[in-house]
Structures are given as C-alpha cells and as structure tokens.
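The values are calculated or read from the model by the stated rules, or taken from the named source; none is laboratory data. For clarity, every value in this text was computed on a predicted model and none was experimentally measured. Note that we place each Cβ from the backbone using ideal geometry, even for glycine, and neighbour counts take in every protein chain shown.
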Amino acid sequence: MSFEPRIVGFLCNWCSYTGADLAGTSRIHYPPNVHIIRVMCSARIDPTFVLKALAQGADGVLVCGCHPGDCHYTDGNYKAMRRFPLLKRVLDAYGLEKDRVRLEWVSASEGQRFADVVSDMTERIRPLGPCRIRPGLQADMAER
Amino acid sequence: MQSCKIGVYICQCGTNIAKMVDCEALVAFAETLPEVALAKTYKYMCSNPGQDMIVQDIQANGLDRVVVAACSPRMHERTFRNALQVAGLNPYFFEMANIREHCSWVHDDPVAATQKAKALVRGAVLRVARHEALERKTVDMCPEVLVIGGGIAGLTAALDIADAGHRVHLVERQGSLGGNLARIDLTAPFLNAARDLLTERITRVTESERIDVMLHSRVVNLDGFIGNYRATVEVRDADGLPRKTEFLVGNVIVATGYQEFEASRITHYGYGKLPNVVTSFEFELMLRHGRIQMADGHLPRFVSIIHCVGSRSQEFHGYCSRVCCMTALKYAHEVRSAIPGCHVSDIYIDMHAFGKGHEDFYRRSSEVKTLFLMYRKGDRPVIRRADPGDTCDMLIEVNEQLSGETIEIPADLVVLMVGMEARSDAHEVARLVNISQDKEGWFIESHPKLDPVATTTDGVYIAGTCAAPKDIPDTVAQARASAARILAKVARGRIEVDAVYAEVDEARCSGCRICNDLCPYSAIEFDAVKKVSRVISAVCKACGACGAACPSGAIKARHFTDAQIFAQIEGVLL
C-alpha cells in the first residue's frame, strides 16, 4: 500500500471549522488524511500543539483561521499569523520540509477552498514520505 | 487523573453516516478504548429515544463522560449537553466527534472513512477523559434593544419590542425612515401601496415614547456581550455636526437591507447611454410621480421589461433576487392601466411565482395581453437604437426559447429589473457586530433552516434582506421573529452565559503582563498589589489567545486546555 500521510488540522470554530462543515453539507469530496481538531480561535493554537502533533506521529499539520480582517475575536488570526514564522524557524532548524506545516485562511463560506487546501496538502506531503523529525522532537519535548 | 466511565454513542444519522462508515465496527473499536464503559450505535442519536438512551445509561450505569460521534457540534452539541444535564451530569463532560460533515459526507471510500471515524472517536474519548465540570454563570439582561436600519424590518422589530414595554434605539443612516420600501409605489401581488404599509409603521415609531429614532446616524462601536452591550452611535446634529452618544443594550437587531445591482455593469443593455433604458427603481419613481414617460416627455407606446438584471448569471450574481418577477408583472399591470393601448413585453428567463397569491397574479397578467418572451440564461437580449425611419426609440432582439426563433420587438422604454445585492458597506457592519458574511456578502444565520434570525454571536440577530433577498412578508416575519426571540430572553431577566473562559493560576503567574495587551476585549486586569494578572470572566469571550501566549503556562483556556488538546492530538493520530 502506498504511503498515506496523517495530517492534524487545527481549525478555528467560527470560520474554518464552519467552512469544513460547509464542505460536508455541500458533499464536496476530499482525501481523508486530515483529522480535524476544533479550537475557538487560531490564536489559541499554541506552537506546542503543532510540535506535539509532529512528535506524536503526524506527517503534517494544517492550521486554519479566518481571513485577515475577519476574525471573530477581532484580530486573533493576526496573532496566529505573527507566531507562525517563528514556529517555521524552529521547524526549519529540525530540518522539516516546508510543505508539512501550513497556515491557511478559510472562511465559513469557503467549503470548496477547504477541500482544495486538504487535497493540495495531502498531494504535496505524500511524496515526502513519513515525517523524519519525530524522534528528535520527541526527545526535546520530553526534556521540557 | 481519576479513572472515569465513558459512554460512546455512534449515530447512523439514518444512512447519512452509516452508508459510508461501518458503525458496528466503530462500536467494537470504541469498546477497546481506555475508560470506555459502553459503546452503542443508533439510527438517530439526536432523536428523543436517542437522547433518552444516553440519559438512562448515565443513570443506570453510572457513566460520567459521554462522547457522541455524529454531526457537527455546531449542530447538536447543545442538544446532547442538555441530555447530560437532564441526567444530572455536568454538561461539559461531553464531546462530539464530527463523523458526518467531516467524514461520511466528504469521503467516498468506506474503509478509509471508517478508519478516519475511528481516529476522530479516539480523539474525542481521550479528550473527554480530561474534561472538567464547569459551572455556567448568569448575568443581567438589559431589556433595551439596538435596531440598526430603519426599513420595514427595523421599523417592525422596533415596534414589537416597544409594544412589549421596552426601550428601542433605532439607528438609521439616511435622513428618513422607510428604507428601500419607501422607494416603491405599489407592492406585488396584492397591489397594496408601499406608502400605506410604511406610513402607519413610521408614524407609530416616531410617536412612540419608547423608541429613540436616530437619523443621519451610524453605530461606530459595539462592545460587550449578550445582555450587556455598550453601543456608540455617531449622530448628526441639526447643524450637521457629528456627536457621539453611548448607551447600554442587551440585544442587537441588524436590519440593514440591500442595495440594487448597478445596471451599467451590464454594458450591452446601454444603461446610462440609451436615455430610455431605466432601472426598476427609476421606474418606481415615475409611478410614484404618476407619469410614465420617455426622456423627451412623450408617453411610450412600447414598454419592455427585462428580468434578472445582475441576477442568475455567472458573471454577476448567481442567485435569484426573488422579488423581481412579481414586480415585473406589477409593472405590466401599472403600465396598462396608466397608458391604455401601450404594448407591454416581458422578457424573462423563468417566471418565479412561488409565494402566496403569486401564481394567480401571473395568470391574471398573462390574460391581459402581455407579450412574454423567454430568453436563455447567458444569452441576453440585445438593445439597439432604432433607425431614423422607425416608429419606436429602440429595438430589442431576443433569442426566444419557446418558439426557438429570433424575435425583434420595438421599445420606447426599457425597464431593467435590477436584482438585490449585499450593501457595499455590509462588511463594516459585519465587523461591528461580529457576524459573518457568505460569499455573496449576505449575513450568515446561525442555522439556515432552524435558526434563521440568530447569528453566531449571542444577542445579535439579523432580519430581512441583509441576510438574503426576500420579499416583504418574509422580511416582516423575520423582523417579528427576531423581536420575539429577544423578548423571550428579556422576559427571563437574567441570561446564562457559557462557562468557557480563561482563568489565571495566580501561583504560576509571573506578572509579566504579556496577556494584558493581547486580549482583544481588555478582559485581563493586573493586580498591582499581588503582581498577578486576572481574567474578568464576564468580559472574556474565550478565544484562548492568552492561553497560547502565556510564557509560564499560568493561563488556562477552560474547556480548551493544553491537556485536553494534547489528548485529542494523541487520539486522532490513530
């Protein structure tokens, strides 16, 4: 059997989770690789959530929030956006391929966009194979 | 951590879930998960027997945690939390796994879908084991209401609330009340005068002691939460100078209406260039002035009405604007009664006559010799100036669908039935009251069928055409529904608010104050004596930004704690 990436998706409740629900009610099909975890706002997504997912065996992590200017909590997505490059730098240091962790904006009306993001991400991660930084991350997180 | 007894319930949702996910296999899998005492599947968990099953199991088997794998928690989380409460269990000892919207409806391989459902259930089981009992708080409900928009929706809602004895603050941008309806002559299909419908409402509103009407005004800020919003309104004085006023309201009704499609965007109809091509609103103005005439003042002998201008098209708006078909029939009626002998043609795609009395109205219009010509979506009629020798101003060429022929008809006056669209400033309003817009810009309701006037923000309601195109009866029904929803809550005096908010563990707080500035609601205050930060729970809206940012891990985002989310991460990575 070919390699199927396991991806954890952290979605904000108001835009992205609702957008993913809309993909469902619209019966828009996409690959089953992303397993969704709901948070109230993308600002709640502590970088350690992403690290934890990768350490636990995720091959990729998707972070979704409302489009800039549209956050249910005024500007939570800007906080997520500011945090993201710092997280990417840490992950770069571990040697993680850039396609494995992604920040995307998906609104409540963008069911199709959510499906497209999941499809695209799955396609990009599949040829990369399993995530290799897991042992290093696990060791470092255990130390914390 | 204390061990717990978790009940797992797999909903089949008729066949919505069961046809793609092997529910029996899911039950067998759930039984193997840690701390799961029992697992069951049932046709509809949200039904009364389904909920009763959960209640009985909690009471008979001593379950202390419940997972329901079914639809989106946005649909039924509240339903099942109530069931837990009925059984005497804290409602927050509950978690849903979304195996319908996020699984059975979006995947086509039953094996992969079942595998994913297992992972989602495992995530929910591991998470719920770490849930904590949370107590909901009750807060005072301010009975006053802010109504934004003084059209038929806003006027109607304001009157219902004022009639119940409560104060209403009605904010209108324009210098007069009535909104778009005030621009209309007669209404279809019963030909009531719009003026009659409005005059009674406007008189009562302006004379009401309980309704504070603010014209030339706009809401510039709204802070707070259900029962306790603080609104700031910019009012223009008689001399035109802006002045700000602030007041407290418990609930808000957004009734900001629509704007009409800009007809010049469809260039080949020649609107703005051909003097006798007018929009439906310009035609209404002629009707209200009592004279249907061409630009040169002559009476038209041929009037053509073109439907779906900006509506039901790929380039502009895909949706139907709902009121134009009947309005067009009304025009045919009004033209013929004003100018006997005038030829009226009605150029349409489909005739939408779905409402009460509409089909009758259509039949009566057909009987009075209106020429109906059907064009195909995307194959618009072409309007050109008539030649000097012609006895009309313009010629319209239509690829007529029913006859299959290309037909050319004369026209002296062309009325473009411009559709409704979301107001260009709808985004500002959405940001102001914290609600969402769909891809067309309309405000999104809490649930399109079951909760059409509520929004995702508690205490903020939408009514009328700001949510989607609709006719007057539907608009009025929504206005009255939103008023009724608010009055029902106001009658109880106090309101229960969600128990999900952030908390600071003072023993771990270093007093760095990073969270103080991060909070969008200024809900975190600093205790200068103890040198710790503290969350004002009533003001906190539970986004969790502070929890993610706290360098000492002192802030707990209740119900979205690190431990709960870490457990869910572990769970979904099956």
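When you look at B:Pro452, is it surrounded by fewer than 17 Cβ atoms within 10 Å (Cβ to Cβ), of a type outside the set (Ser, Thr, Tyr) and within 11 Å of the chain's Cα centre (by Cα), yes or no?
On the way: surrounded by fewer than 17 Cβ atoms within 10 Å (Cβ to Cβ): no; of a type outside the set (Ser, Thr, Tyr): yes; within 11 Å of the chain's Cα centre (by Cα): yes.
No.
Within the range B:251-261, is there a residue that is within 34 Å of the chain's Cα centre (by Cα), surrounded by 14 or more Cβ atoms within 10 Å (Cβ to Cβ) and farther than 20 Å from B:Leu181 by Cβ? Spell out the reasoning first.
Start the filter on the range B:251-261 by keeping residues that are within 34 Å of the chain's Cα centre (by Cα), which leaves B:251-261.
Cutting the leftovers down to surrounded by 14 or more Cβ atoms within 10 Å (Cβ to Cβ) gives us B:251-261.
Okay, now just the ones that are also farther than 20 Å from B:Leu181 by Cβ, so B:251-252.
Yes: one or more hits.
Checking A:Ala115 against (1) more than 11 Å from chain B (Cβ to nearest Cβ); (2) touching a Phe, Trp or Tyr at 6+ places or on another chain (Cβ under 6 Å); (3) more than 15 Å from A:Ala43 (Cβ to Cβ): exactly one of these is not met. Which one?
Going through the list (1) more than 11 Å from chain B (Cβ to nearest Cβ); (2) touching a Phe, Trp or Tyr at 6+ places or on another chain (Cβ under 6 Å); (3) more than 15 Å from A:Ala43 (Cβ to Cβ), A:Ala115 breaks only (1).
Yes or no, residue by residue, for (1) part of a helix (DSSP H, G or I); (2) more than 7 Å from chain B (Cβ to nearest Cβ); (3) crowded, with 24+ Cβ neighbours inside 10 Å:
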| site | (1), (2), (3) |
| --- | --- |
| A:Phe10 | no, yes, yes |
| A:Gly19 | yes, yes, yes |
| A:Tyr78 | yes, yes, no |
| A:Arg83 | yes, yes, no |
| A:Leu87 | yes, yes, no |
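Return yes when B:Ala483 is within 11 Å of chain A (Cβ to nearest Cβ), in a helix (DSSP H, G or I) and either at negative phi or over 24 Å from the mean Cα position of the chain (by Cα) (or both) and no when it is not. Step through it out loud before you land on a result.
Working: within 11 Å of chain A (Cβ to nearest Cβ): no; in a helix (DSSP H, G or I): yes; either at negative phi or over 24 Å from the mean Cα position of the chain (by Cα) (or both): yes.
Answer is no for this residue.
Counting just the residues of the range A:57-75 that are hydrophobic (A, V, I, L, M, F, W, C) and under 11 Å from the mean Cα position of the chain (by Cα), which one comes out nearest to the other protein chains (Cβ to nearest Cβ)?
Kept after step one, since they are hydrophobic (A, V, I, L, M, F, W, C), are these residues of the range A:57-75: A:58, A:61-64, A:66, A:71.
From what is left, the residues that are under 11 Å from the mean Cα position of the chain (by Cα) are A:58, A:61-64.
Working: A:Ala58: 6, A:Val61: 9, A:Leu62: 12, A:Val63: 12, A:Cys64: 13 Å.
Restricting to residues being hydrophobic (A, V, I, L, M, F, W, C) and under 11 Å from the mean Cα position of the chain (by Cα), the top hit is A:Ala58.
Just checking, how many residues over the range A:22-56 are part of a helix (DSSP H, G or I), within 7 Å of chain B (Cβ to nearest Cβ) and free of Cβ contacts under 8 Å to residues at least 60 places away in the same chain?
Taking the range A:22-56 first, the residues part of a helix (DSSP H, G or I) are A:22-25, A:42-44, A:47-55.
This time we only want the ones that are within 7 Å of chain B (Cβ to nearest Cβ), so: A:23-25, A:43-44, A:49, A:52-53.
Filter again for free of Cβ contacts under 8 Å to residues at least 60 places away in the same chain, leaving A:43-44, A:49, A:53.
Residues meeting the conditions: 4.
If the requirement is being among the charged types (D, E, K, R), on the phi > 0 side of the Ramachandran plot and either assigned to a helix (DSSP H, G or I) or without any contact (Cβ under 8 Å) to a residue 60 or more places away in the chain (or both), which of these qualifies: B:Lys369, B:Lys330? If you could, list the steps in order and put the result at the bottom.
Values: B:Lys330 fails: on the phi > 0 side of the Ramachandran plot.
Only one candidate passes the filter, namely B:Lys369.
What residue, of B:Gly154, B:Gly165, B:Gly240, B:Gly175, is in a loop (DSSP other than H, G, I, E, B), at negative phi and of a type in the set (Gly, Ala, Ser)? Talk me through it step by step, then tell me what you get.
On the way: B:Gly154 fails: in a loop (DSSP other than H, G, I, E, B); B:Gly165 fails: at negative phi; B:Gly240 fails: at negative phi.
Just one listed residue meets the conditions, B:Gly175.
Tell me, please, whether a residue that is touching a residue at least 40 places away in the same chain (Cβ under 8 Å) and of a type outside the set (A, V, I, L, M, F, W, C) can be found in the range A:85-93.
The answer is no; no qualifying residue exists.
Working carefully through the options B:Ala491, B:Ala477, B:Ala548, find the one that is out of contact with any His (no Cβ under 9 Å at 6 or more places or on another chain), free of Cβ contacts under 8 Å to residues at least 40 places away in the same chain and within 12 Å of chain A (Cβ to nearest Cβ).
Numbers: B:Ala491 fails: within 12 Å of chain A (Cβ to nearest Cβ); B:Ala477 fails: within 12 Å of chain A (Cβ to nearest Cβ).
Just a single option satisfies the conditions, and that option is B:Ala548.
Tally up the residues in the range A:120-131 that are surrounded by 16 or more Cβ atoms within 10 Å (Cβ to Cβ) and of a type outside the set (D, E, K, R), please. If you could, list the steps in order and put the result at the bottom.
As a first pass, look at the range A:120-131 and keep what is surrounded by 16 or more Cβ atoms within 10 Å (Cβ to Cβ): A:121-122, A:124-126, A:128, A:131.
Pick out the ones that are also of a type outside the set (D, E, K, R) and you get A:121-122, A:125, A:128, A:131.
Of the residues in the range A:120-131, 5 are surrounded by 16 or more Cβ atoms within 10 Å (Cβ to Cβ) and of a type outside the set (D, E, K, R).
Of the residues that sit in the range A:1-26 and are aliphatic (A, V, I, L, M) and under 11 Å from the mean Cα position of the chain (by Cα), which one is farthest from B:His447 (Cα to Cα)? If you could, list the steps in order and put the result at the bottom.
Keep residues of the range A:1-26 that are aliphatic (A, V, I, L, M), which gives A:1, A:7-8, A:11, A:20, A:22-23.
Retained after the next criterion (residues that are under 11 Å from the mean Cα position of the chain (by Cα)): A:7-8, A:11.
Details: A:Ile7: 29, A:Val8: 27, A:Leu11: 20 Å.
For the range A:1-26, the residue satisfying everything is A:Ile7.
Kindly establish whether B:Arg122 is within 30 Å of B:Ser3 (Cα to Cα) and under 26 Å from the mean Cα position of the chain (by Cα).
Details: within 30 Å of B:Ser3 (Cα to Cα): yes; under 26 Å from the mean Cα position of the chain (by Cα): no.
So B:Arg122 does not fit the description; no.
Could you count how many residues in the range B:1-33 are under 22 Å from B:His131 (Cα atoms) and assigned to a loop (DSSP other than H, G, I, E, B)?
Looking only at that region, the number is 7.
In the set B:Val111, B:Val121, B:Val147, which member is modelled with pLDDT of 95 or more, away from every other protein chain (no Cβ under 14 Å) and not in a loop (DSSP other than H, G, I, E, B)? Please lay out each step first, then the result.
Values: B:Val111 fails: away from every other protein chain (no Cβ under 14 Å); B:Val121 fails: away from every other protein chain (no Cβ under 14 Å).
Going through B:Val111, B:Val121, B:Val147 in turn, just one is modelled with pLDDT of 95 or more, away from every other protein chain (no Cβ under 14 Å) and not in a loop (DSSP other than H, G, I, E, B): B:Val147.
Quick grid of which residues meet (1) farther than 19 Å from A:Ala23 by Cα; (2) assigned to a helix (DSSP H, G or I):
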| residue | (1), (2) |
| --- | --- |
| A:Arg102 | yes, no |
| A:Ser109 | no, no |
| A:Asp116 | no, yes |
| A:Ser119 | no, yes |
| A:Ile125 | yes, yes |
| A:Gln138 | yes, yes |
| A:Met141 | yes, yes |
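Being in contact (Cβ under 8 Å) with a residue 24 or more places away in the chain, facing chain A (nearest Cβ under 9 Å) and under 15 Å from B:Val500 (Cβ atoms) is the filter here; which residues of the range B:517-545 pass it?
Narrowing the range B:517-545 to residues in contact (Cβ under 8 Å) with a residue 24 or more places away in the chain: B:518-521, B:530, B:532-535, B:537-542, B:544-545.
Next, only the ones that are facing chain A (nearest Cβ under 9 Å) stay: B:518, B:520-521, B:541-542, B:544-545.
Residues satisfying the conditions are B:Tyr521, B:Lys541, B:Ala542, B:Gly544, B:Ala545.
Please work out if B:Arg74 is at pLDDT below 95, in a helix (DSSP H, G or I) and within 14 Å of chain A (Cβ to nearest Cβ).
Judged against the criteria, B:Arg74 is a match.
Any idea which of (1) among the hydrophobic types (A, V, I, L, M, F, W, C); (2) crowded, with 18+ Cβ neighbours inside 10 Å; (3) touching a residue at least 40 places away in the same chain (Cβ under 8 Å) is the one B:Ala25 doesn't satisfy?
(2)
Condition check: among the β-branched types (Val, Ile, Thr), within 31 Å of the chain's Cα centre (by Cα) and on the phi < 0 side of the Ramachandran plot. Does B:Ile536 satisfy that?
Details: among the β-branched types (Val, Ile, Thr): yes; within 31 Å of the chain's Cα centre (by Cα): yes; on the phi < 0 side of the Ramachandran plot: yes.
Yes.
Out of all the residues in the range A:89-119, which are among the basic types (Lys, Arg) and surrounded by fewer than 18 Cβ atoms within 10 Å (Cβ to Cβ)?
Correct list: A:Arg89, A:Lys98.
Sort through A:Val50, A:Val39 and tell me the only one that's surrounded by 22 or more Cβ atoms within 10 Å (Cβ to Cβ), in contact with a Cys (Cβ under 7 Å, 6 or more places away or on another chain) and closer than 24 Å to A:Pro85 by Cα.
Values: A:Val50 fails: in contact with a Cys (Cβ under 7 Å, 6 or more places away or on another chain).
Of A:Val50, A:Val39, the one residue that is surrounded by 22 or more Cβ atoms within 10 Å (Cβ to Cβ), in contact with a Cys (Cβ under 7 Å, 6 or more places away or on another chain) and closer than 24 Å to A:Pro85 by Cα is A:Val39.
Run A:His67 past the list (1) touching a Cys at 6+ places or on another chain (Cβ under 9 Å); (2) assigned to a strand (DSSP E or B) and report the number of the one that doesn't hold.
Of the numbered conditions (1) touching a Cys at 6+ places or on another chain (Cβ under 9 Å); (2) assigned to a strand (DSSP E or B), the odd one out for A:His67 is (2).
Just to check your reading of the model, which residue among B:Val67, B:Val55, B:Val86 is among the β-branched types (Val, Ile, Thr) and closer than 19 Å to A:Val39 by Cβ?
On the way: B:Val55 fails: closer than 19 Å to A:Val39 by Cβ; B:Val86 fails: closer than 19 Å to A:Val39 by Cβ.
Checking each option against the conditions leaves just B:Val67.
Which of the residues that make up the range B:243-256 are part of a loop (DSSP other than H, G, I, E, B) and either among the basic types (Lys, Arg) or under 16 Å from B:Ile486 (Cβ atoms) (or both)?
Of the residues in the range B:243-256, the ones part of a loop (DSSP other than H, G, I, E, B) are B:250, B:255-256.
Scanning the range B:243-256 gives B:Gly250, B:Ala255.
Hey, among the residues in the range B:34-70 that are assigned to a strand (DSSP E or B) and hydroxyl-bearing (Ser, Thr, Tyr), which one's surrounded by the fewest Cβ atoms within 10 Å (Cβ to Cβ)? Spell out how you get there, then give the answer.
Step one: list which residues in the range B:34-70 are assigned to a strand (DSSP E or B), which gives B:36-42, B:65-70.
Those still in the list that are hydroxyl-bearing (Ser, Thr, Tyr) too: B:41-42.
Values: B:Thr41: 21, B:Tyr42: 19.
Filtering first and then ranking leaves B:Tyr42.
Look through B:Lys137, B:Lys116 and report the one residue that is modelled with pLDDT under 95, farther than 30 Å from B:Leu287 by Cβ and either within 14 Å of chain A (Cβ to nearest Cβ) or in contact with a strand residue (DSSP E or B) (Cβ under 9 Å, 6 or more places away or on another chain) (or both).
Values: B:Lys116 fails: modelled with pLDDT under 95.
On inspection, the qualifying residue turns out to be B:Lys137.
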